[in-house]
Amino acid sequence: MAERTITLLIVDDHPVVRDGLRGMFAAAAGFQVLGEAADGVEAVLLAGQLDPDVILMDLRMPGGSGVQAIAELTRRGARAKVLVLTTYDTDSDTLPAIEAGATGYLLKDAPRDELFGAVRAAAEGRTVLSPAVASRLVSRVRSTGNDALSGREREVLRLVAKGTSNRAIAGVLFISEATVKTHLTHIYGKLGVGDRAAAVAVGYDRGILG
């Protein structure tokens, strides 16, 4: 029985990179590149139009970052699985991308066969992480516990501790009030609490708030 063809959308602000990836997948059986995007905004638009199985997403792009695009695709309930393909493996890049909904995270120096395997795995909904990223995440979990708050969640909690309202927090962080509520829901879940006061108390107890 023939293997199902996996459809792709390539997102990268460098035309040479997009051309190279398109050529690589065109020369391999079982893949079809449906389109290319040069930034996150275009990626979200094309994902809606083309409905690919997998989106190869760069992170740092002028005109719309990969993390913003991943978050928007997740919000819209897009069927496509997002596989990050970037040169960056720092916590400030990997963690937000995965928290936003990325299925996998590979570095651009990955061998061709590893990339093909990662795309197939992502299409099946399996998580794929480059060794460097995987070890970084394991270290992070071991050092902070499974309830670690993201950087933005910590910012929200610090403002809550100061008695700041949701509307004021939204203004300070330049996000919507609905996003503030979403962050609070995540904070409550991670800290195992049900309200603002308890979240602040646990935050101090665990050293999150100093």
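Read-outs throughout are calculated quantities, based only on the coordinates presented, and are distinct from any laboratory measurement. Remember, it's a predicted structure, so these values are computed and weren't measured experimentally. Note: ideal-geometry Cβ built from the backbone for every residue, glycine included; neighbour counts use all protein chains shown.
Please report the base-10 log of the normalised intensity I(q)/I(0) for the stretch 54-103, using a Debye sum with one equal scatterer per alpha carbon and no solvent, at each q in 0.27 (1/Å).
Values returned for q = 0.27 Å⁻¹ are -1.05.
For the chain, what ratio Rg/Rh do Cα atoms give with a Kirkwood hydrodynamic radius? The partial results should precede the final answer.
Details: Rg = 18.9 Å, Rh = 18.4 Å.
Computed over Cα atoms, the ratio is 1.03.
Could you tell me the extents of the stretch 95-135's C-alpha atoms along the three principal axes, largest first, rounded to whole Å?
For the stretch 95-135, the Cα extents along the three principal axes come out at 26, 22, 15 Å.
Provide the per-residue ³J(HN,Hα) series for the stretch 184-191, in order, calculated from phi with Karplus coefficients 6.51, -1.76, 1.60 and θ = phi - 60°, each as a whole number of Hz, with x at glycine and proline positions.
Computed from phi, the couplings for the stretch 184-191 are 5, 4, 5, 4, 4, x, 5, 8 Hz.
From Cα coordinates alone, what are the radius of gyration and Dmax values for the stretch 151-210 in angstrom?
In Å, with Rg to one decimal and Dmax whole: 10.4, 29.
Which residues' amide hydrogens lie under 5 Å from the amide hydrogen of Y105, considering only partners 5 or more residues apart or on another chain, with H built in the peptide plane?
When sequence neighbours closer than 5 places are left aside, the close amide H contacts are V84, V128, L129, S130.
Rank G35, G64, G23 by mean-square fluctuation in a GNM of the chain with C-alpha springs under 10 angstrom and give only the top-ranked residue.
Comparing G35, G64, G23 in the GNM, the peak value goes to G23.
Looking at the stretch 1-60, which GluC sites (Glu not before Pro) are in a loop (DSSP not H, G, I, E or B) and have at most 14 other Cβ atoms within 10 Å?
For GluC sites (Glu not before Pro) across the stretch 1-60 that sit outside H, G, I, E and B with at most 14 neighbouring Cβ atoms in 10 Å, the list reads E3.
Pairing the Cα long axis of helix 112-123 with the longest principal axis of the chain, what angle in degrees results, from 0 to 90 and rounded to the nearest 10?
It is inclined by approximately 60 degrees.
If you line up the long axis of helix 196-205 against the longest principal axis of the chain, both from Cα atoms, how many degrees apart are they, to the nearest 10?
Helix 196-205 sits roughly 90 degrees off the main axis of the chain.
When the helix-only estimate is applied to the chain (DSSP H runs of n ≥ 4, each -39,500 (n - 2.57), divided by the residue count), what is the mean residue ellipticity at 222 nm, nearest 500 deg cm²/dmol?
-16500 deg cm²/dmol
Give the angle, between 0 and 90 degrees and rounded to the nearest 10, that separates the Cα long axis of helix 131-144 from the longest principal axis of the Cα atoms of the chain.
10 degrees
Taking the Cβ of L173 as the center, what net charge do the other residues with Cβ under 15 Å away carry, scoring Lys and Arg +1 and Asp and Glu -1?
Residues close to L173 contribute a combined charge of +3.
Most fluctuating residue of I169, I55, I70 in a GNM of the chain with Cα springs under 10 Å: which is it?
Its mean-square fluctuation being the largest, the pick is I169.
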